[in-house]
1. Return the residues of the stretch B:225-281 that are out of contact with any helix residue (DSSP H, G or I) (no Cβ under 8 Å at 6 or more places or on another chain), within 14 Å of chain A (Cβ to nearest Cβ) and not in a loop (DSSP other than H, G, I, E, B); say none if nothing qualifies.
2. Against the condition small (G, A, S), outside the structural domain of B:Y649 (by TED's automatic domain parsing) and part of a strand (DSSP E or B), how does B:A377 come out, does it pass?
3. Restricted to the stretch A:111-124, and to residues that are in a loop (DSSP other than H, G, I, E, B) and surrounded by fewer than 18 Cβ atoms within 10 Å (Cβ to Cβ), which residue is farthest from the other protein chains (Cβ to nearest Cβ)?
4. Which members of the stretch B:513-532 meet the condition of being aliphatic (A, V, I, L, M) and crowded, with 20+ Cβ neighbours inside 10 Å?
5. Could you tell me which of the residues B:Q616, B:Q605 is facing chain A (nearest Cβ under 10 Å), touching a residue at least 12 places away in the same chain (Cβ under 8 Å) and either within 18 Å of B:V585 (Cα to Cα) or within 17 Å of the chain's Cα centre (by Cα) (or both)?
6. Tell me, which residue of the stretch B:329-350 that is within 30 Å of B:Y221 (Cα to Cα) and part of a strand (DSSP E or B) is nearest to the chain's Cα centre (by Cα)?
7. Look through B:V394, B:V443, B:V425 and report the one residue that is within 14 Å of another protein chain (Cβ to nearest Cβ), touching a Leu at 6+ places or on another chain (Cβ under 6 Å) and among the aliphatic types (A, V, I, L, M).
8. Can you find a residue in the stretch A:8-24 that is within 11 Å of chain B (Cβ to nearest Cβ), within 22 Å of B:L231 (Cα to Cα) and among the hydrophobic types (A, V, I, L, M, F, W, C)?
Amino acid sequence: MRRNISFTLNGKPVQLVDDDERMLLWVLRYDLGLTGTKFGCGAALCGSCTVILDRDAVRSCITPLKDVEGRHVLTIEGLSSQERLHPIQQAFVNHHAFQCGYCTPGMILNAYALLLKGSHPTREEIIRHMDDNLCRCGSHTRIVDAVLEAAAATTGGN
Amino acid sequence: MRCHDWNEMTEAIKERGIGRRAFLQLSGAGLFIFFAPDLLPAFQEASSQPGFATDFNAYLRIGEDGRVACFAGKTELGQGATTTLAQLVSDELDVSFDAVDVVLGDTEICPWDEGTFGSLTVREFAPVLRGVAAEARAVLLQMAAEYLHLPSPDDLRVKDGVITSSKDAHKNVSYAQLVQGKRIERHLGKVPLKPISDLRVIGTSPRRKDALDKVTGKGRYAADILLPGMLHARVLRPPAHGATLNSADTSAAEKIPGIQVIRDKDMIALLHERRDVAEQALGLVQAKFDLPHSGPDDATIFDHLIKAAPPFELVSEKGRLADGEQLATHVVEETYLNSYVAHAPMETHSAVAKIDGTKLTVWASTQTPFSLRHEVAEAMGFAPENVRVITPYVGGGFGGKTENSSHQAQEAARLTKLTGRPIQVVFNRTEEFFYDTFRPAAVVKIRSGTDKSGKLVLWEYRAYGGGGDEASPFYDIPHQRTQSAGGWSNNPAGLHPLAVGPWRAPAASTNTFARESHIDEIASRLGRDPLEFRLIHLSDPRMHRVLQTATEKFAWKPAPAPSGRGFGLACATYADSYVATVAEVVVDKKTGNVDVKRVLSAQDQGFTVNPEGSRQQIEGSITMGMGYALAEEVRFKNGAVLDRNFDTYQIPRFSWLPKIETVLIDNPSTPSSGCGEPPIVTIGAALANAVFDATGRRPLQLPMTAARLKAALQQV
C-alpha cells in the first residue's frame, strides 16, 4: 500500500511516500544511495544485506518498509562517527578480517547486534551468532578474532 | 587462456598504445615510467615462465604533489593486490607506503593485462613493478644531482621521497619538487633491484589499502555505481540450458507505471528506475519455453564423461608401462569422482553501462577487464578503443569472473544502446548459479603398482572431463603415463552439459584429490605410514621440507592408515609453490557427518611479499576448499540447474571451521611464486585421507556428503 512512512535512519529522520511492501534493501541502496548494504541472495540466506533495526540484526532484503515504520535503522554508513571507526570496524582492520569486503558490512553489523546483547561473548557464542552470515573468501577465523577483540574494547556495542 | 597467438598479441599491443595516449591526455605533469619488456633482467627471467604475457607493462607516475600512482591492469578481488603492489613500489622508490596510490582495472588508463587469475599478481608482476620503481628512483636521483649541482648521484640518499646528499644534509630536494611543472617520460632501463637486506616494506604486512573502504561500506562495487537516469534491467531467463522461448506475454508487466519492455533478438528485458519494480514486472511475464528432455544429470554425469570424452592427450610419460607391469607385485586400481562446483562469490555478476555518442563505458565485476572490453566491443560492433571498462572493487572472483563470463556486461551494453539510458544489470543468485562457468565434474582412473620392496614402479593416470593441470605425479615412479581428455576449456560440444571454466586452481583440486588419495591407499595396503611412503618417493628437497614442516608442527606420529585417529595428509605443487596440508577429522559413523577439527598448511612460495596477506590466502583456500570436499556439488537435470540459492547449495560457514594453522616456509632467496590458490588443491585429499584414517572407508567421490559417507559406512 502506498502511504507515508517515517523512520530514523542512522540517527536522522526519513520520510517517504511509498509502497509499504517494498523491501528496505532496495530503498536503502537505490533510493537513498546507501550502497554499503549489499545484495547477495535476496532470500535472507547470506547476510550481505544485514542492517540493525532498533537493536536487532535483520535482513533488509526481506524487511518491508512497513516493518521499519517508526523505528531506528542503522546501516554501515551510520556506524562510524565522523572519521572515527567503531571498535568493531577497527578490529576488522587490525585483523585483516576481510578479503573482497562484500560481506563485511553485514558481518560488522551482525557482530554489532551481538555486542548490544552481551558485552563479552565467547568464541562459541560468536560462531553461533554469525553462522548465517556467509563469506566466500574464507575470512571466518579472522572475523571471530576481530569480534572477540571488539568485545573486549567495548561494552554494550557502543 | 594464457597463451597469446599472433592476432591477440597484435591487438594487445595496439590496445596498449591507445591506452598510453589516453593516459597521457588524462594525467598532466609528472614523471612517467613506461615499461618496455625486453629491458629488465627480472622481466626476462619471468618471461621465460610458461604463460607470461610478453607485452606486459606497467606505468608509474610521480605527481607534483609527491604522491605516486601505480597503474596496473590487475583487479582487486580481495586478494590484496592494491596493498602488495603499493608495497613493491614504496620499497624500490623509497617513498612511504601511504604515499602510493594503486589504480587497477581501468582499460583507459591502465596498461593491458591478461587478467587477475592463476596466482600471477605477485609471481609475475612483482619483479616487473619493482623494476619500474627502481628505474624511477634512478631517474630522480640523476635529476636531483643536476638540481643540486652535484657531479653525480652517487652520494645521494632517499627517504620518504626526499633526496639528500650524504655529505651535506642541506643539499636536499623532494621528488615532488623535482617533477614540478615538468613532464618527463622515461622508458625502463637496466636498473638493479634492491637486495633483500635493504627492503623495508616488502616482507611486512601493512594495513590493507582497501581496509577503510571495506569496513565503512564506502568501497564501491559495480552494483554501487548509480548514474543519473539509470534504469535497472531484469531479463527473462530460460528455466534450463537448451530451452527455447516459445512465446512471452508481457502485457501484464507493461501495465506497471514506468516499466519499459525491450524485446531485442533473443532478449526480453524489463526496465525500471527501481530494481524491485523491474523484478516485480518480470514476475508478471507469461513465458512458455520448449524444454530439453535429455542429457546427463548429476547422477549419470560420470558415465557420460567417460563415453563422451575426446581422445586422450598425453600430459607426461616416463619409462614404459609394460615394464612397470612386469616389475609390479602389487597393483591398485581405483576410480575417483569429482562434481561440478560453483564459484558462488558473494557479489553476483554486476555491470553498469552508459553510452555517450560513440563511447561506451562499462563498470563491471570482472577479473579480466581487457577481455571483457573485447567481448563487449565485439558483441556491440564497437571498436575496442570506443569501449572503456572500469573495474571497481570485485566481490570475489575465484575464476568465475574471467573470460567468457561477461553476460551481464553485454546485456547492460545492449540495453544502454537501445534505450540511451544508463543501465544496471545485476544478477540475482539464481542467475548467478545458472550462468556460472562451473568447475568441471571429472572422473580419474589410476592404475598403480609397487614392487617387492614396496617402491612405486607403475603409474597409469587417466583424467576424464576435469583437465590435466597438475596431473603429472611428482613422485619418483620409473614407469608412468598421465593422460587427460577434456577439461575446463576447449571441450568438444556435448562433453559438459553445463558451462565450465577455471575455478580457483583449475583441474588441480581434482587431480590432487585423485593422486593423493591413491598414494594414501597404496601406503595403507602396504601397511606404511602415509608420510614415510611419500618421502621415500620424493627427491625434491622443497617438497620434503613442506611435508616435514607441516607434519612436525602438526605433531604427526607415524602410523599406517586407518589408525582411527582421523589424520590425513596431502601435498602438491601449484603456481610454482609447494604445499603440504594435514587435517584431523571426527566422523559421526551414524550420520556420516565430518567434523573437521584442525587443518595445518605449510607453504613454500619463495620470497614472501606480504606475510599476513599470504596467510589470508592460505586460510581462505582451506576454508573455501572445505566446501568442495564436504558439501558443494551442483545438481542438474534436463539442462536445469537445480541449485538456485544458498539454501540447497551449502558453502562453508562459521560453524564448520576447524582450527586453522598456516606455516610460511622461509625461503627468501627463491623468487616469489603463487599464493592465491595452492592449499585449495590439497584440502580435498587431506580431508578424504583423514576420513579414511578415521573410518577405514576410502572416500572415492567428492564431496564427501554426510549421506554419501553414511551409505559407505553402512556397507559391510
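1. The answer is B:V277, B:A278, B:E279, B:Q280.
2. On the way: small (G, A, S): yes; outside the structural domain of B:Y649 (by TED's automatic domain parsing): yes; part of a strand (DSSP E or B): no.
Against the criterion (small (G, A, S), outside the structural domain of B:Y649 (by TED's automatic domain parsing) and part of a strand (DSSP E or B)), B:A377 does not qualify.
3. This residue is A:S119.
4. Hits for the stretch B:513-532 are B:A514, B:I519, B:I522, B:A523, B:L531.
5. Result of the check over B:Q616, B:Q605: B:Q616.
6. B:V341
7. B:V394
8. yes
The values are calculated or read from the model by the stated rules, or taken from the named source; none is laboratory data. Only a predicted model underlies this, so the values are computations on that prediction, with no experimental measurement involved. FYI the Cβ positions are ideal-geometry reconstructions off the backbone, even for glycines, and counts take in every protein chain you see.
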